[in-house]
Amino acid sequence: AFTPYLRALAARLTAGCRGPVEKAAAIYDYVTGHVDYRYQPAYLQLPPIADYCARELRGDCGVMALLFIALCRIAVLRSALRLAVVRLFLRLFCSAEGGGPAAGALFRQPGPLADGGQPGLSGPPDAP
């Protein structure tokens, strides 16, 4: 369930955004800029994960991704865009070659791509 806290946070983060890519970028910037990476106990031991991460501002990459997904769902971003953005988020912050907040520049408008790539991703669909 989406808590009132998460709904208010999503509204605040996306206020003034003019489209889904801007909303996703605003949420991405918030999560990557405000949440500290910390190892977590088994997720079963955590309180509601997205709300916990939003309030405590800490979590591992999976917890951060769950907060990101929850905020995107609240902001009513299309499923295809959410999937593409989450794949990018995980690729950047949960892999050995992970980037940093500057990687937010990789967002682009969803739609068919001439190179066969997925909307919102910078490479071919099978890229790691």
With the first residue restricted to the range 49-75 and required to be without any contact (Cβ under 8 Å) to a residue 24 or more places away in the chain and closer than 13 Å to Tyr37 by Cα, and the second required to be in a strand (DSSP E or B) and small (Gly, Ala, Ser), Cβ contacts under 9 Å at 6 or more apart or on different chains are Cys53/Gly59
Condition set basic (Lys, Arg) and in a helix (DSSP H, G or I), scope the range 1-52, selection surrounded by the most Cβ atoms within 10 Å (Cβ to Cβ): answer is Lys23
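Read the figures in this text as sums done on the coordinates, not as results from a lab. If you're wondering where the values come from, they're calculated on a predicted model, not measured in any experiment. Quick reminder, even Gly has a Cβ in these numbers, built from the backbone with ideal geometry, and neighbours come from all protein chains shown.
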